[in-house]
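Here is the structure we will look at, set down as structure tokens.
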Amino acid sequence: MTQPKSTSSNPLQLYSLDSGEPRGALAAEPPLEPSEALLAELQRDSESLEKATPQEILKWAVDRFAPHFTMATAFGPEGMTIIHMLAEIAPQTPIFNLETGYQFAETLELRETVKKRYGIEVEYKYPETTVAQYEAANGGPVYKTDPNRCCFDRKLSVLHAAAKGWHAWASAIRRDQSPDRAKAPIVGWDRKFELVKISPLANWTKKEVWSLIAAEKIPYNPLHDQGYPSVGCQPCTRSVLAGEDERAGRWSGFQKTECGLHSS
Ligand code: SF4
């Protein structure tokens, strides 16, 4: 993904469909600094968007931050829902996936389905080493002994590099997914990655997500029909039993429920 320039002659400069004004006109040149004024503004924006629909939130995000607005996705049901909405609102939004080398074949296939259905080419962001190089350098799979380090090396460090230069990104989290996510604002400063994080589905329930997927025939990972409500890397994901927590199948056997992307 190439970082767009934001001069007026920039061919990537987008214009609001509603106002005709250049999108991102209010956004500063990179990097965006979390000044008191900006944080106060984001808080006001977040509060005013509490009752907005996810589509309205995404439209606001595009008007406010494009062409410095992006999205990372692991192709979960919520991510697919946002991709579907962005395909209608701003299909040129750059979207990327952290290709750890350990993802399920079904997940990689979904990237191809997105390309066919929406014409959106989700960009892979890779760690510095291949799986073979990484395991050879560490005497075997690191996920077996130290999943935190493996997630850091193959996800977090890649995401940190990928986030640089962008002003805002869309997050697919829902507040009812976990106590940690329950505190997420609609719009807020992402201290970990130093950009604005926008969560259009924060107020949605799992049922609302799946209702839209069914109504709009949004493509989704077939593993969700095989007992995997949450799909991450293949070695760290198992199917869950009826009544188990949605994320119980992630890093089963370890005191770990998040890869560190969404926790503060
Ligand atoms: S989810 Fe598992 S395999 Fe994937 S990066 Fe984290 S520890 Fe490694």
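Some points to look at:
- Region 205-235 - residue that is in a helix (DSSP H, G or I) and closer than 29 Å to Gly140 by Cβ and, of those, farthest from the ligand (Cβ to nearest atom): Gln226
- Looking across region 82-116, not a single residue is under 11 Å from the mean Cα position of the chain (by Cα) and hydroxyl-bearing (Ser, Thr, Tyr).
- Of all residues in region 241-260, none are away from the ligand (no atom under 12 Å from the Cβ), at pLDDT 70 or above, out of contact with any Leu (no Cβ under 8 Å at 6 or more places or on another chain) and assigned to a helix (DSSP H, G or I).
- Strands (runs of 3 or more DSSP E) contained entirely in region 97-191, each with at least 1 residues that are within 16 Å of the ligand (Cβ to nearest atom): 123-125
- All conditions in (1) outside any helix (DSSP H, G or I); (2) surrounded by 18 or more Cβ atoms within 10 Å (Cβ to Cβ); (3) at negative phi hold for Phe75, with the sole exception of (3).
The values are calculated or read from the model by the stated rules, or taken from the named source; none is laboratory data. Since this is a predicted model, take the numbers as computed values, not measurements. Note: ideal-geometry Cβ built from the backbone for every residue, glycine included; neighbour counts use all protein chains shown.
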